[in-house]
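I have placed the structure first, in the form of structure tokens, so that the comments after it can refer back to it.
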Amino acid sequence: MSTQVRSVSLAFAVLRALAARPGGATLSEVARAVELSPSSTLNLLRTLVAEGAVERIEEARRYRLVPEWSATGPGPNRLAQLIERMRGPARAFAEVHECTVGLWQATSPNRIVLAALWDSGAATRIHMVIGQRQPIGGGSSGRALAALERIGESELRRRFDDVRWHQPLAFSAYVDQVRQCGERGYAIDDGFSHSGICSVAVAIGGSASLRLCLSVSTFAGTRDPEQLAQLGRELIELARLPAFRQTSEQKV
């Protein structure tokens, strides 16, 4: 695994936070959004200002993306467009497989957020809410994202330790699960992150600013290992559809 450059990840987290606030944000608002101290956030903002990606509104003491980055950077419009394209095939997948399909976005170095949700409409289904958060290392999505990013062991350990596991899980087993995801393309969490819930996830690559994972969630014990593997393979095919392809972005 390669070593992730944490400062770059943090800079993109700041850019995403500002993209979600077209009118700008104060230092404290950005710090809360990216879960960093004000001093660390200020250093990142000053660097982004110097690089021409962010501007400071002196009279309001706020920061915002410069117009060029607002138009082509990691803004909410790109994510909204992607979700709209996904809607039809994702809902159909949920109905055919009687599962809940979710799109997760990494919004900070520590958390992922449920950005979109499609369920089968069954009377009994897993309750999830758009906007809910979980530790970035948790669930099948956490494993899939770690495999895509090829992070080093120290960062993997940090993410693992940040999760409150509902079943005992050794770090060595977690590392092996991330490795397996890198080999086969999908990750599985069978009740470790949420009791009674089994999830399968694939990462959606193609963008450094929109870090996304597509997951399906079912009740634990309703599918055997081969059925879960088949679900993972079909989820990979779903994520390869043109509707799920991320658009190109401005390079830093």
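Numbers for the structure displayed
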| quantity | calculated |
| --- | --- |
| Residues being over 15 Å from Thr26 (Cβ atoms) and surrounded by 12 or more Cβ atoms within 10 Å (Cβ to Cβ) - total across segment 49-64 | 1 |
| Count - residues of segment 28-56 that are closer than 22 Å to Ala106 by Cβ, aliphatic (A, V, I, L, M) and out of contact with any strand residue (DSSP E or B) (no Cβ under 6 Å at 6 or more places or on another chain) | 7 |
| Restricting segment 218-252 to residues that are small (Gly, Ala, Ser) and at pLDDT 95 or above, the residue that is farthest from Glu84 (Cα to Cα) | Ala229 |
| Test: Ala116 is touching a residue at least 60 places away in the same chain (Cβ under 8 Å) and either in a helix (DSSP H, G or I) or within 25 Å of Glu95 (Cα to Cα) (or both) | no |
| Filtered residue count, segment 31-48, keeping only those that are surrounded by fewer than 19 Cβ atoms within 10 Å (Cβ to Cβ) and either in contact with a helix residue (DSSP H, G or I) (Cβ under 7 Å, 6 or more places away or on another chain) or not charged (D, E, K, R) (or both) | 7 |
| Any hit, segment 169-176, residues being assigned by TED's automatic domain parsing to the domain that holds Leu148, within 19 Å of the chain's Cα centre (by Cα), within 15 Å of Val101 (Cα to Cα) and not acidic (Asp, Glu) | no |
| Among (1) of a type outside the set (Phe, Trp, Tyr); (2) crowded, with 18+ Cβ neighbours inside 10 Å; (3) modelled with pLDDT of 90 or more - the single one Asp119 does not satisfy | (3) |
| Considering residues of segment 176-217 that are among the polar types (S, T, N, Q) and in contact with a Gly (Cβ under 6 Å, 6 or more places away or on another chain) only, the residue modelled with the lowest pLDDT | Ser193 |
| Any chance Leu145 is in contact with a Gly (Cβ under 8 Å, 6 or more places away or on another chain) and either among the β-branched types (Val, Ile, Thr) or crowded, with 19+ Cβ neighbours inside 10 Å (or both) | no |
| Answer from Arg133, Arg78, Arg125 - the residue that is under 20 Å from Arg223 (Cβ atoms) and basic (Lys, Arg) | Arg125 |
| Residue ID - surrounded by the most Cβ atoms within 10 Å (Cβ to Cβ), chosen from residues in segment 89-104 that are in a helix (DSSP H, G or I) and touching a Leu at 6+ places or on another chain (Cβ under 8 Å) | Ala90 |
| Any hit, segment 180-199, residues being basic (Lys, Arg) and touching a residue at least 60 places away in the same chain (Cβ under 8 Å) | no |
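The values are calculated or read from the model by the stated rules, or taken from the named source; none is laboratory data. Owing to the predicted nature of the structure, the values given are computational and were not obtained by experimental measurement. Because the Cβ atoms are built from the backbone with ideal geometry, glycine has one as well, and the counts that use them run over all protein chains shown.
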